Structures are given as structure tokens and as C-alpha cells.
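A.B. asks: This is the structure, below, for whatever I ask next.
The values are calculated or read from the model by the stated rules, or taken from the named source; none is laboratory data. Bear in mind the structure is a predicted one, so any value in this text is a computation, not a measurement. When we count neighbours, we look across all protein chains shown, and the Cβ atoms used for this are built from the backbone with ideal geometry, even at glycine. To get the accessible areas, we keep the full protein, side chains included, count just its heavy atoms, and leave off ligands, DNA and RNA. Shrake-Rupley method; radii C 1.70, N 1.55, O 1.52, S 1.80 Å.
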Amino acid sequence: QVQLVESGGGLVQAGGSLRLSCAASGSIRSINAMGWYRQPPGKQRELVATITSGGITNYVDSVKGRFTISRDNAKNMVYLQMNSLKREDTAVYYCDAEIVGHWPRVPYHYWGQGTQVTVSS
């Protein structure tokens, strides 16, 4: 059984910062790409950022220069540092990871339960 657990969400004023964390646990052989998605109120879930096991990152244009994704492979964790937050960043943020278990040794996508980020003006 594999589980992803996010933390670090909350209420912040526009221009402020938050750091989200996501911990993967369970029967894990290896983790391929990890990422963060978000779902604003009344909208569909969208990609925010991804990072490969080798550290190559990708960001949606709206967060480039403000958000930074990173990971700690030894701890099976991924982070999202969010700076210069805007009201439009308000959303539930979800962690995603492609994880290979011990058996069968095939990759599956797992999602966390989500953490709320609210940016006030």
C-alpha cells in the first residue's frame, strides 16, 4: 500500500509565501516523476509543476518565477515553495507521484488527499 500525504497549506495574504510538502510512504521500490496539481474553486484540476527523478522541472506559465518544485529522493518527498502568491493561486493543491512498488514492479500514479491554499487580498 502506498500513500501520499500533503501538508503546509493554509491562509496567506497576497504577496506572501507558503511551502507545501508531500511525503510518500509504503511499499515503494522507486519513484519516477512527482508533481503538484491544483483545483481552483469551480474549475478543473490543472498541472502546476513536475520534477523528474533526475531533477528536471517543468512549470505552468502562470507560476514560473514564483513557484519552485524540489524533491528529496532519500526521504521520498516533494516540495512546492510558493512565493509572491496571488488570489488566483487559491485552490486545493494535490501531490502526484508515479511509484514503482516491490511487486508487481510496474509504475502506478498515486494522489494525495489535497491541501487547501487560500490567498486573501
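A.B. asks: Principal axis extents for the chain, Cα atoms only, whole Å, descending order, please.
C.D. replies: Here the spans come out as 48, 25, 23 Å, largest first.
A.B. asks: By how many nm would the segment from residue 32 to residue 88 grow when fully extended, if each residue of separation counts as 0.36 nm and the alpha-carbon distance is taken off?
C.D. replies: My answer for the length gained is 17.2 nm.
A.B. asks: So if we plug the beta-carbon distance of residue 74 and residue 105 into 1/(1 + (r/R0)^6) with R0 = 25 Å, what FRET efficiency do we get, rounded to 0.05?
C.D. replies: So, using R0 = 25 Å, E works out to roughly 0.75.
A.B. asks: Sorted by mean Cβ packing within 10 Å, highest first, what order do the peptides 88-100, 10-22 take?
C.D. replies: 88-100, 10-22
A.B. asks: Next question. In region 1-110, carbon and sulfur make up what percent of the accessible area (probe 1.4 Å)?
C.D. replies: 48
A.B. asks: Can you tell me which lysines have their Cα less than 21 Å from the Cα of residue 64? Leave out same-chain residues fewer than eight positions away.
C.D. replies: Hits, sequence-local ones excluded: 43, 86.
A.B. asks: Then there is this: How long is region 46-106 along each principal axis, judged by its Cα atoms, biggest number first, in Å?
C.D. replies: For region 46-106, the Cα spread along each principal axis is 43, 21, 19 Å.
A.B. asks: For region 1-41, how big is the tail of P(r) above 13 Å, as a whole percent of Cα pairs?
C.D. replies: Tail of P(r) above 13 Å: 68 percent of Cα pairs.
A.B. asks: How many nm separate the modelled label positions at residue 121 and residue 13, each set 7 Å beyond the Cα in the direction of the Cβ?
C.D. replies: 1.5
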